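In what follows, a structure is listed as structure tokens, so that the remarks can point back to it.
The values are calculated or read from the model by the stated rules, or taken from the named source; none is laboratory data. Just so it is clear, the structure is predicted and the values come from calculations on it, not from any experiment. Note: ideal-geometry Cβ built from the backbone for every residue, glycine included; neighbour counts use all protein chains shown. For the accessible areas, the whole protein counts, side chains as well, though only heavy atoms, and no ligand, DNA or RNA atoms are used. Shrake-Rupley method; radii C 1.70, N 1.55, O 1.52, S 1.80 Å.
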Amino acid sequence: MKPVKVGLLGLGTVGCGTINVLVRNAEEISRRAGRDIQIITASARDIIRARQCDTGAMKLSADPFEVVNDPNVEIVLELIGGYEPARELVLQAIANGKHVITANKALIALHGNEIFKHAQQNGVMVAFEAAVAGGIPIIKAIREGLAGNTLQWLAGIINGTGNFILTEMRDKGRDFDEVLAEAQSLGYAEADPTFDVEGVDAAHKLTIMASIAFGIPLQFDKVYTEGITHITQDDIVYADELGYRIKHLGIARRTSLGIELRVHPTLIPRRRLIANVNGVMNAVLVKGDAVGPTLYYGAGAGADPTASAVVADLVDVVRVLTSDPENRVPHLAFQANAITDLPILPMEAVKTAYYLRLRAEDRPGVLADITRILGDSGISIEAIIQKEPADGATDVPIIFLTHKIFEKNMNEAIEQIEQLPGITAKVTRIRVETLK
Ligand code: NDP
Ligand code: HSE
């Protein structure tokens, strides 16, 4: 089948991230979508400057309208940002019968109602997963995964730049302006970073989430919006002393009177999971009547994470263009003829670190025997704790933390340790995963 031809608007952080992911994962993406995806043309203001991606095979133009009017382009990726000319370009692409994928939350929050109407009239798709919470598939989760629920409320850390600033201020005592400059250099911030720190970007995203959660029109002008610029180092310290973290939250809640829509800094009890979402990471809590609270976590900004969401939308659109409509999403995610028979590893071939709890007689030589067995099995010890014997007991608990080793080696070592005369009970083993 012929490759799907795509036109790209924008060769910045997200545009180049998308090209790089499409190249890096070309084979997997094609197996999922059922067709190859080819960016044939792209636009940026400066088409001479070197980029963070390879544009060699694309026709480049400084005029983005050339891309949306190119008759060979079937899907337009709008990764320019801002209200205009993005709105005009997207409407032109739709009028030309092209499907559109955008990461532009400002555009969707303000002009989504108009854009979706035109898309419906022209029978084209408009997808915007990357517009909210970067790489987290939150649009899909709310719109599809939670479709059986009456959604009651959602609350999220939905601006990576703001969370990065608050985290660095709290953890390292860094200065607001210095951290903002770093967020800009890392490609997290908006072209106008006041959108990040004054809460406008979070309000755009909240507008979108509230619409798909509650089935209401996009109403950006109704969001109460407060940024983080007035938060000081002292506030962060005092909140900490009280057992709280300060997070910039977007909250949408259904009440008997109407929908709350608000974005502001918030004290959250330190023990809450969402209070421990740090740096550029985002997290969204969604409460449904049937499922209860659910939490979605991941990178909220940056080239590759955002590209992940853009490419997911691309695969969705290509599937509709390619496969039979009743099986738009293949049952096993990959096209039936592209399923591969990768081997499943036996447990013995799995490598993890371990926590071991032993009970051993409290006499010289026992610990040496254990460490010798571990050493002979190639198991390196990260930490040992020997506890005091309980009243009247002659044996003591000994806890080991090991570095990573194959399960097979650990099985053999445990078998030998349990046969030692000084060992008084079976060894308890818990595998350790740092989940980094
Ligand atoms: P960048 O500023 O890095 O890139 C924007 C690109 O658009 C640049 O290549 C720029 O060209 C091009 N461009 C701007 N105006 C025009 C124009 N009139 N005609 C043609 N090209 C133009 O932005 P990002 O990649 O960071 O953001 C893109 C979109 O993705 C925005 O809507 C943003 O909100 C959204 N987003 C960004 C995330 C991130 O982590 N950065 C995360 C999630 C969403 P030139 O390079 O020549 O100036
Ligand atoms: N500027 C945005 C942020 C990009 O920092 O979250 C991701 O939408």
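Under a point-charge model restricted to the Cβ atoms of Lys and Arg (+1) and Asp and Glu (-1), what is the dipole moment magnitude of the stretch 138-298 relative to its Cα centre, in debye to the nearest 20? Charge dipole, the stretch 138-298, about its Cα centre: 940 debye, nearest 20.
Taking amide H as placed 1.01 Å from N in the peptide plane, the amide H of residue 36 sits under 5 Å from that of 4, each at least 5 places away or on another chain. Based on the Cβ-Cβ distance of residue 386 and residue 257, what FRET efficiency does E = 1/(1 + (r/R0)^6) give at R0 = 60 Å, to the nearest 0.05? The calculated FRET efficiency here is 0.45.
Taking only Cα atoms and a 10 Å spring cutoff, compute GNM fluctuations for the chain and point out the largest among 155, 189, 141. In the Gaussian network model the winner is 141.
Dipole size of the chain about its Cα centre, with +1 on Lys/Arg Cβ and -1 on Asp/Glu Cβ: approximately 820 debye, rounded to the nearest 20.
Mean sequence separation of contacting Cα pairs (under 8 Å, at least six apart), scaled by the length of the stretch 348-432, corresponds to a relative contact order of 49 percent. The alpha carbons of the stretch 91-160 give a radius of gyration and a Dmax of 13.6, 39 Å, in that order. What's the center-to-center distance, using Cα atoms, between the stretch 244-270 and the stretch 30-51 in Å? One Cα centre to the other: 39 Å.
Round to a whole angstrom and tell me the spacing of the C-alpha centers of the stretch 412-436 and the stretch 145-218. Centre-to-centre (Cα) distance: 45 Å.
Taking the 1.4 Å solvent-accessible surface of the stretch 1-108 as the whole, the part contributed by carbon and sulfur is 49%. Computed over protein heavy atoms with a 1.4 Å probe, the accessible surface of the chain works out to 49 Å² per residue.
Over the chain, the hull volume per residue, using the convex hull of the C-alpha atoms, is 208 Å³. Taking the Cβ-Cβ separation of residue 278 and residue 114 as r and a Förster radius of 35 Å, what is the calculated FRET efficiency to the nearest 0.05? Efficiency, from the Cβ-Cβ distance: 0.40. For the stretch 348-432, the Kirkwood estimate of hydrodynamic radius, built from reciprocal distances between every pair of different alpha carbons, is 12.9 Å.
Figure note: 1, 209, 281, 347 ranked by solvent-accessible area, largest first, 1.4 Å probe, ligands and nucleic acids not counted: 1, 347, 281, 209.
Rounded if a/c is under 1.5, else prolate if a/b is larger than b/c, else oblate: which is the stretch 138-298, with a ≥ b ≥ c the root eigenvalues of its Cα gyration tensor? Prolate is the answer for the stretch 138-298, as a/c is 1.5 or above and a/b outweighs b/c.
Pairs of Cα atoms in the stretch 256-361 fall into 5 Å distance bins, from 0 up to the last occupied one, in shares of 2, 7, 9, 10, 11, 15, 16, 12, 7, 5, 3, 1, 1, 0 percent.
Springs join every pair of Cα atoms under 10 Å in this Gaussian network model of the chain, and among 199, 56, 162 the largest mean-square fluctuation is at 56. Across the stretch 138-298, the relative contact order, built from alpha-carbon pairs under 8 Å that are at least six residues apart, equals 35 percent. If you sort the three axes of the alpha carbon gyration tensor as a ≥ b ≥ c, you get a/c of 1.5 or more for the stretch 294-348 and a/b no higher than b/c, which makes it oblate.
Could you work out the Kirkwood radius for the stretch 121-172, taking every pair of different alpha carbons, averaging 1/r and inverting it, reported in Å?
On the way: mean 1/r = 0.0728 Å⁻¹.
That comes to 13.7 Å for the stretch 121-172.
Rank these by accessible area, largest first, 1.4 Å probe: 216, 231, 259.
Largest to smallest exposure gives the sequence 259, 216, 231.
Antiparallel versus total DSSP beta bridges in the chain: what percent is that, nearest 5? Mind showing how you got there, number by number?
Values: 49 of 70 bridges.
In the chain, approximately 70 percent of DSSP beta bridges are antiparallel ones.
Compute the label zone of residue 337 within the stretch 1-39: residues whose backbone N is under 18 Å from the point 7 Å along Cα-to-Cβ. Answer for the stretch 1-39: 1-4, 27-37.
Please pull out the direction-averaged projected area of the stretch 1-115, using the convex hull of its alpha-carbon atoms, in nm² to one decimal place.
Working: hull surface 28.4 nm².
With every direction weighted equally, the projected area is 7.1 nm².
Per-residue extension of 0.36 nm, minus the Cα-Cα distance of residue 329 and residue 362, leaves a gain of 5.8 nm for this segment.
List every DSSP H helix in the chain whose Cα atoms extend 20 Å or more along the helix's own long axis and whose mean Kyte-Doolittle hydropathy is at least -1.0. Before the final figure, lay out the partial values.
On the way: long enough: 105-122 (23 Å, -0.41); 200-214 (21 Å, 1.12); 303-322 (27 Å, 1.06).
Helices passing the filter in the chain: 105-122, 200-214, 303-322.
The phi-based Karplus calculation (6.51 cos²θ - 1.76 cosθ + 1.60; θ = phi - 60°) puts the 3J(HN,Hα) values of the stretch 61-71 at 9, 7, 9, x, 5, 4, 6, 6, 9, 6, x Hz, whole numbers, x for Gly and Pro.
Considering Cα pairs under 8 angstrom that are at least six residues apart, work out the relative contact order of the chain and quote it in whole percent. Walk me through the numbers on the way to the answer.
Working: 845 pairs, mean separation 68.8, N = 436.
Relative contact order here is 16 percent.
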